[in-house]
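One structure is given here, and the rest of the page talks about it.
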């Protein structure tokens, strides 16, 4: 459901100038389901929210993401692992249902929450600083489950899986 994406990565120079890192042809259909892993969000009030997430690791998987998928079922999502902290900016072109996006720091702490993204939009959705990963879940999930900035994500990529 996430349409075409582009990512800004910090250049390896002292100026750390953002550069357009990934542009690939758009697929015309949803990608097959990716391998899944467990992820837990530990909320500010101590609740543990279990998710099963598809792991978008490769550039092709990340560019395609959730494009063209008609829905994201409750308790599921897609985790985009950038491999190391970097700027993360996304858009919703070719994404046909609304999503919530959680931008997650290297230590598993949620930096930014973007709720109810607009399907098919080219508006940039910005993580507001370098993040290790971005989690996409069904729109309204963050509000319904009271997931907030500062909540912690437990998952192996953050070294916090239990």
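Since every read-out is calculated from the coordinates, none of them should be taken as a lab result. Bear in mind that the values here come from a model prediction, so they are computed numbers and not experimental data. With ideal geometry, Cβ positions are generated from the backbone for all residues, glycine too; neighbour counts draw on all protein chains shown.
For segment 98-162, just say rounded, prolate or oblate: build the C-alpha gyration tensor, square-root its eigenvalues into a ≥ b ≥ c, call rounded for a/c under 1.5, and beyond that prolate if a/b exceeds b/c, oblate if not. Numbers along the way, then the final one.
Working: a/c = 2.18, a/b = 1.53, b/c = 1.43.
In terms of gyration-tensor shape, prolate.
What is the spin-label model distance, in nm, from residue 57 to residue 84 if the labels are put 7 Å beyond Cα along the C-beta direction?
For residue 57 paired with residue 84, the spin-label model returns 1.8 nm.
Extension gain residue 118-residue 160, at 0.36 nm per residue separation less the Cα-Cα distance, in nm?
Result for the pair: 12.0 nm of gain on full extension.
Is the shape of segment 51-109 rounded, prolate or oblate, going by the alpha carbon gyration tensor and its root eigenvalues a ≥ b ≥ c, with a/c under 1.5 for rounded and a/b larger than b/c for prolate?
Numbers: a/c = 1.72, a/b = 1.36, b/c = 1.27.
Prolate.
With a/c under 1.5 counting as rounded, go ahead and sort segment 33-158 into rounded, prolate or oblate using the C-alpha gyration tensor (a ≥ b ≥ c being the square roots of the eigenvalues; past the cut-off, prolate if a/b is larger than b/c, else oblate).
Values: a/c = 1.32, a/b = 1.22, b/c = 1.08.
Rounded, since a/c falls under 1.5.
Taking a virtual spin label 7 Å from the Cα of residue 43 along the C-beta vector, which residues in segment 121-162 bring their backbone nitrogen under 19 Å of it?
Under cut-off, by backbone N: 135-155.
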